[in-house]
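Chemist: Just passing along the structure, written as structure tokens.
Every read-out reported here was derived from the displayed coordinates using simple, explicitly stated rules and does not represent laboratory data. Since the model is a prediction, treat every value here as computed from it, not as a measurement. Please note: Cβ atoms are built from the backbone with ideal geometry, for glycine as well, and neighbour counts cover all protein chains shown.
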Amino acid sequence: MKRDYLTGLGLEAGMVDQVMAEYGRSSQDLQAQLTASQAEVANLTTTIATRDADIKALHEASTGNETLQTQLTELQTKYDGLDSQHKTEVQAIQKDAAVDRMALKYKAKNVVATRATLKEKLDELEFTDKDFETKLDGIFAEDVEATAYMYGEDVPEQTPPTKPIVNPGNPNPGAQGDPDDPFAAKLAKYE
């Protein structure tokens with residue numbers, strides 16, 4: 001979103017600042033979610049690499065030793081379970097990121113509320129589907145038609161300009177150069 005676009009719509013500078021501030025906050029929230037997801041994916045990748053190294057080391061050390069073979073089998077089973085769990089978590093993160101991108105594409109005013117209304121449809125959708133993006137786009141397109149108030153540009157309400165507080169009359173009548181002012185005459189003696 002650019003300031004020029006908003007001023008081109010006829011918004012005042014104060015309103016443009018408010019809109020840009022809100023847009024910045026929502027962008028920062030999404031950026032924070034993306035950064036957290038990327039960190040989690042990097043952590044999961046490191047965990048998988050460590051697991052593979054442990055299995056390889058045990059496999060090499062276990063030749064001829066039945067106890068180590070048993071430990072190797074147990075660890076292999078454990079790590080296979082963790083691997084499938086990590087893959088599921090990564091797919092969930094990727095699916096959430098795709099939903100967030102689609103919410104931005106359709107200019108959802110509140111991503112959390114949009115997720116809540118689409119929860120059942122999103123749960124049915126599998127990230128591994130070949131046409132996942134197309135189906136997701138269709139779900140959002142249907143929701144835009146059904147609940148248009150949740151999408152589009154969020155224009156803040158206009159607040160009336162505040163009037164400055166000024167006491168009626170002149171609070172310092174002597175400042176006008178009144179020659180009959182006794183205080184001004186005394187002050188002039190000391191200048």
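Chemist: Sequence-distant or interchain residues sharing an amide H contact under 5 Å with Y151, placed H: which?
Modeler: K109
Chemist: Note down the nm distance, to one decimal, between modelled labels 7 Å out along Cα→Cβ at A39 and at A21.
Modeler: Going from the A39 label point to the A21 one covers 2.7 nm.
Chemist: Looking at this model, which pairs from K56/K130; K56/K87; K78/K119; K78/K135; K2/K95 are more than 27 angstrom apart at the alpha-carbon?
Modeler: On the way: K56/K130 34 Å; K56/K87 21 Å; K78/K119 32 Å; K78/K135 35 Å; K2/K95 29 Å.
The answer is K56/K130; K78/K119; K78/K135; K2/K95.
Chemist: Reachable aspartates and glutamates from K186, Cα under 15 Å, same-chain residues fewer than 8 places away excluded?
Modeler: D178
Chemist: Could you give me the ³J(HN,Hα) list for the stretch 183-188, computed from phi with Karplus coefficients 6.51, -1.76, 1.60 and θ = phi - 60°, whole Hz, x at Gly and Pro?
Modeler: For the stretch 183-188, the Karplus-derived couplings read 5, 5, 5, 5, 4, 5 Hz, x marking Gly and Pro.
Chemist: Determine, for Y190, Y151, the number of other Cβ atoms within 10 Å of each Cβ, and report the residues in order from fewest to most. Write out the running numbers ahead of the final one.
Modeler: On the way: Y190 5, Y151 18.
So the ranking, lowest neighbour count to highest, is Y190, Y151.
Chemist: Okay, next question. With every atom except the alpha carbons ignored, what do you get for Rg and Dmax of the stretch 3-150, in angstroms?
Modeler: Gyration radius and largest Cα-Cα distance of the stretch 3-150: 23.0, 81 Å.
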